[in-house]
Amino acid sequence: MTSTETTPFCEAPIQTGDVLLSIENLHVCVEENEILRGVSLEIRAGEIHALMGRNGSGKSTLSKVIAGHPAYTVTGGSIHYRGQDLLALSPEDRARSGVFLGFQYPVEIPGVSNLEFLRVSCNARRQHRGQEELDTFTFEDHVRETMAIVQMDPVFLERSVNEGFSGGEKKRNEVLQMALLEPLVAILDETDSGLDIDALRIVANGVRQLALPTTATLLITHYQRLLEAITPDFVHVMAEGRILRTGGKDLAMALEQRGYDWIDGTDGSEAPQP
Amino acid sequence: MSSAAAVEALNKTPYRYGFVTDIETEKISKGLDESVVRLISSKKQEPDFLLQFRLKAYARWQAMEEPNWAALKYPSIDYQNIVYYSAPRQKQQKASLEEVDPALLETFDKLGIPLSEQKRLSNVAVDAVFDSVSIATTYKQKLAEHGVVFCSMGEAIKNYPELVERYLGSVVPIGDNFFAALNSAVFSDGSFVYIPKGVQCPMELSTYFRINSDDAGQFERTLIIAEEGASVSYLEGCTAPMFDTNQLHAAVVELVALDDASIKYSTVQNWYAGDENGKGGIYNFVTKRGLCKGQRSRISWTQVETGSAITWKYPSCVLRGQDSVGEFYSVALTNHHQQADTGTKMVHIGPGSRSTIISKGISSGNSVNTYRGLVNMGPEARGARNFSQCDSMLIGDQAAANTHPYIQSRQPEATIEHEASTCNISEDQLFYLQSRGIEPEAAVSMLVSGFCRDVFNQLPMEFAAEADKLLALKLEGSVG
Amino acid sequence: MSNATQSQPWLETLLQVLAQRDGHSAAQWIRARDWRWPTSRSEAWRLTDLRCLTQLDPTRLHTQTAPPPWPEAPAPSDQPSGQRLSLQLDSRGHWLSPQGEIPPWPPGLMPLPTGDITRGQVAQTVVSSGPLPLGAQLNGATPGPSLGLQVSGPDPIHLELAIQVEQPQAWLAPHLLLVLQPGAQFCLSWYVAATAQAAVLPMVEARLGHGAQLEEAAMAWGCPGATFLASSFLTQSPRTVYRRTNVTWGWGLSRDEPFIRQSQGRAETHLHGLAVARGQSLLDTHSTVYFDGPEGQLRQRHQALADDRGHSVFNGRVVVPRVAQETDASQLSRNLLLSTRARIDTKPQLEIVADNVQCAHGATVSCLQDDELFYLQSRGIGREQASRLLQRGFCEEILQRLPRAALAWPSLRSLLEIPTPDQP
């Protein structure tokens, strides 16, 4: 654990266009199976990236590796975050320094109040940035204001973390955490799945509001519909642990019409050229 | 970090209360026979009924065998190698706190229980018990204005002998079990509470037990009586120095609630648990029982058991009154080589009686944590209900969690529901918290505390935060 | 309550009587296992009175059986492709066809040579410490032939064993050893009926080879004064499935003690029991499941109904040691208590030393639910009939797991014929 040794610092100012996250030739295994087979991706401040692909193509794995999930072993390649070796940091230090993962399946934690959880988490990030910690009352005001972004009912503060939340409520809670932690790089893993139209609009609005010229967003999604609400600058398509294609938002639209078979060539047609 | 690694980081437990107070004590020599029982009684200048009570108990005890049904392993206790009377040497009648030995006041200061006028806790009356002898009781005057009696058992025997004679042994009979019989024969001191009819006790009452001696057994006796419509909330706390020998603690607590009375009894038990190799620590063999004698009476036990090398304890409710209510909320945390066999008995006699059991056991290290509980619906308990929930959390693969609920019913119109589950700290939960910037140790504490939430909510406000901190302290090396 | 002092002479006499038969040394079996008569002070027998058993006269015991009432039109087999074999216990302890012939063993079912069958050989490995249960001790002490069968091949085989007792003072202690070869499938059904003051003490030992499947169904119907002491011991290799469904009713005393050990985990165990205690019946089930390896699964459901002066006892022990990570065990004890003189005692018992496991148990005791009764009444059904329907529904939850052939047995009717509350 390096976190206790890290001296608090104010994050250096970021200019639009600075490289925030740089992934090079990343190889990752779970137990004996290689899931990622050479992923490279560069994300700069001010950009919104979309990562698409079939189930099992490695999208979620990539997001978990960036966040530091212990089940995955990096067997090759690197991830740098603002020039620093991200893989050397514990999951909590990654979070504190501004890398955020919105979970596809947010975890339920019985008995732990959501408010308390949010406060401890928010303060850990604040402390890292050299900001003073918020006491219970100040924090509660802060969190109530922030909840408006995702139109979340304050009753959810009193409940246990994600326990008994519907799918949509869990996802809103993720975006709320994102808003509170003010990440520099936000990765949202299928934050749109399982949402009805209204919830999708609310979540998308929240994400759009939080995407700043000095931050970057990586949206992992199956569907075009989230990308209609949030226009990505880049769209990447993954298959079998690699990024097969990168393009603009047109690529997502083409995918929607022609399906993934078109990308990996399994439909027999000629693979599109960049 | 994996959950296993996070747990590994936890296992260095500092025990904050391990100091010994250097104070002159009066002790009788080791061993127990009838003359020792007589000597204890005469030292305390007790009335004859109490001497007879003790002698009868001693005779019963001699004929009894130490129980062996609990899931506990410990070397046999040599009852002749224990000092049965030890008291700090001070004036017998302490008119005010000024007469209490400053070393004792300082001890309680260090334990966070200031007794002196200026520093004492504002809304809690404290009876401080040192090596089973009550040394001071705060707010006596204020309580007396409401007719509430809160004093040491020794004083109660002198000042309220008729109440003591009437209720002592009425809930836990002298021959109830081996340890209760031993306590009945040799008990030293303890707390006495009497709440008169219709009185809501104006403040929390609290007894703080401190074991100081390394060879004296601890045998306090607590008796709480709530008359019709009275109510009281009582809390006990316990600590002991670190010795590498084991000390026996065999207390008896009796509660009596008459019609519409309510007694809430909370315990935060943090006796010294022994070191990480299982050396030393308190053997805690305690009999606690409440009698819901009156209609609509209510007795609620809340316990947070974190200490002792061995815990053998089943705070129980005898629900005799019609529509009476019994509750048991328990958190038992064991670490290293601790062994806990704890739970409750809900004996439903009266019609319409209700009981709730919520038990949360957390086992880590090489410890053994057993829930043992009885729910019994007697033939007359029409319309009685029980709900029990016993959850175990296992931390690490060397710890044991056992669940032994005994469910017995002879009344078709009674309903019993029992649920039990086992969980661990899942990798996913830990990762989720870490990915929000929370340290693994803090995350584990948070998860454990969340697991115990339903029980902590039952503790008096002042102590809920305390209990939370205590758990964190027991589990963590670096935090708290 | 029976206790050591009262029952020891009875036991001594019994052992002498048993020892006189065939020169078999019953006492030796008992002594070799350092076994004593259970006392009511022991945890395992605190609630169970053995008087029904000790009221038998040891000097008058015999092994007389009667022909069982095989259903006239056998129900269609559950496994039409498989072989089916029906056998009944004769008075010399042999298993014969209903025509009294030595059975034509179908392919895949091979009797083991007598020399290969030692009573207790599986039991000793399943019950690692402590004495064997009472039923097994008495079975072991009783001389008589054992049936040992080796099951092989993937074709399912259905064996039906019936024991009919009509003479008072009968003492029947059949012993069955099953060896399931890897991949074998076997279905075993027991039909036990006792209409006189007698004792039936079956002991089953079974070893399930890798991937084998055993389905066991038992219907044990007794009468007041009759005692049923069943014990079974199973070891399950990985990828095996054991399903046990047993239905017990009518006995003065019944004690069923299954012990199952998943020797390397990774197996499935399903236990379903129904005990219907009416009259003065005392029906007791003490089950134990050990997991000796990871990823084992247990699904257990015990349902008991106690009416009149009936008494049901259940103790379900589940042992999950450190090697048994990722065990998934659940146990449910559901009890209906229908009379103020009836009694239910239940005790789920979990012992766990592994952190990554899913173990849960639940227990409920109540009478019939008012809202269920009311619902039926609001549809025009009288309260008594509604009560009978609900009781029947309670039983059906377990009965539906019996093989269909079992449902054709006439004795089952006595279970489902529920007396109306108005009748004495």
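The values are calculated or read from the model by the stated rules, or taken from the named source; none is laboratory data. The model shown is predicted, which means the values in this text are computed figures rather than measured ones. Don't worry about glycine lacking a Cβ; one is built from the backbone with ideal geometry, like all the others, and counts go over all protein chains shown. Heads up: the accessible areas ignore ligands, DNA and RNA and are worked out on the full protein's heavy atoms, side chains in. Shrake-Rupley method; radii C 1.70, N 1.55, O 1.52, S 1.80 Å.
General observations
- Here is the figure for region B:430-445: residues that are surrounded by fewer than 24 Cβ atoms within 10 Å (Cβ to Cβ) and either under 14 Å from residue A:110 (Cβ atoms) or in contact (Cβ under 8 Å) with a residue 60 or more places away in the chain (or both) total 1.
- Across region C:351-371, the qualifying residues are those that are of a type in the set (D, E, K, R) and within 7 Å of chain B (Cβ to nearest Cβ), and the one among them that is surrounded by the most Cβ atoms within 10 Å (Cβ to Cβ) is C:355.
- Within region B:312-368, the set of residues being charged (D, E, K, R) and in a loop (DSSP other than H, G, I, E, B) comprises B:320, B:323.
- Check on residue C:328, more than 22 Å from the chain's Cα centre (by Cα), more than 11 Å from chain B (Cβ to nearest Cβ) and surrounded by fewer than 22 Cβ atoms within 10 Å (Cβ to Cβ): no
- Sole residue being within 11 Å of chain A (Cβ to nearest Cβ), assigned to a helix (DSSP H, G or I) and within 22 Å of residue C:352 (Cα to Cα), chosen from B:433, B:447: B:447
- Taking the numbered list (1) over 30 Å from residue B:365 (Cα atoms); (2) of a type in the set (A, V, I, L, M); (3) part of a loop (DSSP other than H, G, I, E, B); (4) open to solvent by less than 40 Å² (accessible area, probe 1.4 Å) in turn, residue C:390 passes all entries but (3).
- Every pair of residues 6+ apart whose Cβ atoms lie under 7 Å, when the first sits in region A:174-185 and is closer than 18 Å to residue A:48 by Cβ and more than 10 Å from chain B (Cβ to nearest Cβ) while the second is part of a helix (DSSP H, G or I) and open to solvent by less than 10 Å² (accessible area, probe 1.4 Å): A:175/A:150; A:175/A:203; A:175/A:206; A:175/A:207; A:179/A:206
- If the condition is being over 24 Å from the mean Cα position of the chain (by Cα) and free of Cβ contacts under 8 Å to residues at least 60 places away in the same chain, then region B:46-80 contributes B:48, B:51, B:52, B:59, B:62, B:63, B:80.
- In region B:26-40, residue farthest from residue B:183 (Cα to Cα) [restricted to those that are among the charged types (D, E, K, R) and in a loop (DSSP other than H, G, I, E, B)]: B:30
- Qualifying residue in region C:294-313 (condition: of a type in the set (Val, Ile, Thr) and either open to solvent by 30 Å² or more (accessible area, probe 1.4 Å) or more than 11 Å from chain B (Cβ to nearest Cβ) (or both)): no
- The lone criterion from (1) part of a loop (DSSP other than H, G, I, E, B); (2) open to solvent by 10 Å² or more (accessible area, probe 1.4 Å) left unmet by residue B:307 is number (2).
- For region C:203-228, the set of residues classified as part of a loop (DSSP other than H, G, I, E, B) and open to solvent by less than 10 Å² (accessible area, probe 1.4 Å) consists of C:212, C:222, C:226, listed by residue number.
- Sole exception among (1) at pLDDT below 85; (2) over 16 Å from residue A:55 (Cα atoms); (3) open to solvent by less than 40 Å² (accessible area, probe 1.4 Å); (4) of a type outside the set (Ser, Thr, Tyr) for residue A:258, by number: (3)
- Strands (runs of 3 or more DSSP E) completely within region B:139-243 that count 3 or more residues being among the polar types (S, T, N, Q): B:231-239
- Selection within region A:111-140 - within 7 Å of another protein chain (Cβ to nearest Cβ) and touching a Leu at 6+ places or on another chain (Cβ under 6 Å): A:125
- Counting only strands (runs of 3 or more DSSP E) that sit wholly inside region B:369-426, those with at least 1 residues that are at the interface with chain C (Cβ under 7 Å from one of its Cβ atoms) and touching a residue at least 40 places away in the same chain (Cβ under 8 Å) are B:400-409, B:415-424.
- Considering only residues in region A:69-87 that are over 24 Å from residue A:214 (Cα atoms) and more than 13 Å from chain B (Cβ to nearest Cβ), the one that is least open to solvent (accessible area, probe 1.4 Å) turns out to be A:76.
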